[in-house]
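Reading through the structure tokens given below for one structure.
The values are calculated or read from the model by the stated rules, or taken from the named source; none is laboratory data. Only a predicted model underlies this, so the values are computations on that prediction, with no experimental measurement involved. A quick note on method: Cβ atoms are made from the backbone with ideal geometry, for glycine too, and the neighbour counts reach across all protein chains shown. Note: accessible area is taken over every heavy atom of the protein model, side chains too, but ligands, DNA and RNA are not part of it. Shrake-Rupley method; radii C 1.70, N 1.55, O 1.52, S 1.80 Å.
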Amino acid sequence: STPSAQYHPGKSPGRHAYLYRRRYSQQIVQLGDALKWKKALEVFTDALDIGIVPNVYMFNTAVRACAKSGQIDLVFQLKQQMLQHGLEPSNTTYAMAIRVCGECGEYKKALELMAEMRQRGLEPCVRTYNEAISACGKCMRCGEALELMAEMRQHGLRLHVNTYNAAI
């Protein structure tokens with residue numbers, strides 16, 4: 001079922017669009033936390049179908065729901081849909097996508113996402129680096145993890161305990 005917003009199909013949500021988007025996003029987060037990614041995607045699709053214009057946060061809630069359940073293909077599809085809607089994936093989007101890559105043993109995809117970020121003019125943050133380092137660590141790719149740590153230092157990012165933990 002859809003969130004309890006007073007929305008009338010066929011009518012534009014108008015000035016209350018942000019409230020509808022927020023309610024749908026909240027429900028997607030709750031479903032994702034309960035590992036109900038299919039239902040979360042249904043809610044996301046329902047929102048689009050009734051004319052809710054998604055923003056980066058709303059897409060990220062759907063990405064998060066799929067990532068928490070290891071749905072790597074859906075994460076990549078949602079990231080592509082963001083671009084089709086004229087939205088730029090954020091560091092959060094990339095961090096979640098990189099994390100699911102690591103959980104699925106796809107460290108090369110994680111590194112490709114890091115490169116894609118830079119190509120799009122988005123500098124990886126500590127969290128994004130940590131997820132990429134973790135992906136490499138989970139796949140026993142210590143050399144790549146150490147390279148990422150060196151790159152963090154070169155970019156003036158501080159290595160935290162989480163960074164070192166991610167590498168091992």
Task: the chain, accessible surface, carbon-and-sulfur percent (1.4 angstrom probe) - done: 50 percent
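If you place +1 on the Cβ of every Lys and Arg and -1 on the Cβ of every Asp and Glu, how big does the dipole about the Cα centre of the chain come out, in debye to the nearest 20?
In total the dipole reaches around 460 debye.
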Open item on the list: Please compute the modelled spin-label separation between L146 and Q84, points set 7 Å along Cα→Cβ, answer in nm with one decimal.
Closed with: 4.3 nm
Task: segment 118-168-segment 54-73 distance, computed between alpha-carbon centres (Å) - done: 22 Å
- [ ] For D73 and Y18, calculate 0.36 nm times their separation in residues minus their Cα-Cα distance, and state this gained length in nm to one decimal.
- [x] 17.0 nm
TODO: May I ask you to list the trypsin sites (Lys or Arg not before Pro) in segment 63-168 that are in a DSSP loop and have at most 16 other Cβ atoms within 10 Å of their Cβ?
DONE: R120, R158
- [ ] As a check on your grasp of the helix formula, calculate [θ] at 222 nm for the chain: sum -39500 (n - 2.57) over DSSP H runs of n ≥ 4, divide by the residue count, round to the nearest 500.
- [x] -21500 deg cm²/dmol
TODO: Would you mind calculating the gained length between E42 and V161 on full extension (0.36 nm times residue separation, minus the Cα-Cα distance), in nm to one decimal?
DONE: 39.0 nm
- [ ] Return the FRET efficiency for the residue pair Q30, L122: r is the Cβ-Cβ distance, R0 is 25 Å, and the value is rounded to the nearest 0.05.
- [x] 0.30
Task: Total lysine pairs whose alpha carbons fall under 22 Å of each other in segment 21-147 (8 or more apart, or interchain) - done: 14
Task: Accessible area in square angstrom per residue, the chain, 1.4 angstrom probe - done: 54 Å²
Task: For the chain, the Rg and Dmax computed from alpha carbons only, in angstrom - done: 17.4, 56
